[in-house]
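Heads up, the thing below is written out as structure tokens.
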Amino acid sequence: MLFLQNSSSVVSADFVTFTEEKLGQAEKTELDAHLENLLSKAECTKLWTEKIMKQTEVLLQPNPNARIEEFVYEKLDRKAPSRMNNPEILGQYMIDAGNDFGPGTAYGNALIKCGETQKRIGTADRELIQTSAINFLTPLRNFIEGDYKTITSEQEVRITQSEFDRQAEITRLLLEGISSTHAHHLRCLNDFVEAQMTYYAQCYQYMLDLQKQLGSFPSTFLSNNNQSSTTPVQSVSTPSVLASASASLPSVSNSIVTSGISELKSSSGSRKARVLYDYDAANSSELSLLADEVITVYSIPGMDSDWLMGERGNQQGKVPITYLELLN
């Protein structure tokens, strides 16, 4: 440590001498080309490190007020208060709305699933910020506030010509460390990229899980989503979504569609059916349903294969078969 302090003083003296020579205030001394190249390389590294560090902070925390607050707490050597990030806040809103609408409804249940996924993404985002700060930003900041200041901090007015060669050698040794600094920053950059890969892989997996969960909802709910989507997902096509949705439906529903419904449509009789989910009629030709109620259903020739006629007392109308469980 004492060696570095003494060396930094000598290096700074070289810088002062070099500056005074440029201004014509001191006798001209020759800096060899290699030393000048190292000085230029150190300055270039410092400038680009500052830019990369600043923009990385913007990437990890887009809110300028939050960055200022974190900076103040860091200078005060105090831990900043923990706050929910944007995905976590959105996720909590979705969960609260889903609970308010009712977890038993299709929309309420879907909101809760989406909210839980958004909160997991928020947690992954928080882990990305922490990992990047430790493995990437801190080493860059240590170079700016440590190594580079060691080269430029201490100042002396003059040095004698007899000491110049020894001082230049010490400066060269320090500046040649810039190459190892680049290698160290490269390793830190790899850590930063790996942290981002982990973050986006987590987000992708979370959304895949959410897609599978949404696939278990009734086909009418899925069709609404498909109608509102105009941009296809590159790696998950619409057929695969429908396939996963069909695979996720309960076995009871599958048996209804393949056997009970076919039998009912081929006959002219009626059957009792239990309603699996709440359903709001889209128009006057449909019948609204309440979960767990029992209604009478029958088929009409020429009716769409996804619908049956339902009766409840004096009320009747079309009902979706995916909302029903036929009773014996």
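A few comments on the model shown:
- Pairs from Lys119/Lys318; Lys54/Lys149; Lys54/Lys119; Lys79/Lys149; Lys79/Lys119; Lys119/Lys212 whose Cα-Cα separation, in the structure shown, is over 29 Å: Lys119/Lys318
- For the stretch 52-62, 3J(HN,Hα) computed residue by residue from phi via the Karplus equation (6.51, -1.76, 1.60; θ = phi - 60°) reads 5, 4, 5, 6, 5, 4, 5, 4, 6, 9, x Hz, glycine and proline entered as x.
- Under 5 Å from the amide H of Gly102 lies no amide H of any residue 5 or more positions distant or on a separate chain, with H modelled from the backbone and absent for Pro and chain starts.
- For Met84, solvent-accessible area (1.4 Å; no DNA, RNA or ligand), Å²: 100 Å²
- Karplus-based coupling profile of the stretch 128-135, in residue order and whole Hz: 4, 4, 5, 5, 5, 5, 6, 8, with θ = phi - 60° in 6.51 cos²θ - 1.76 cosθ + 1.60 and x standing for Gly or Pro.
The values are calculated or read from the model by the stated rules, or taken from the named source; none is laboratory data. Note that this is a predicted model, so its numbers are computed, not measured. Surface accessibility is based on the protein's heavy atoms, side chains included, excluding ligands, DNA and RNA. Shrake-Rupley method; radii C 1.70, N 1.55, O 1.52, S 1.80 Å.
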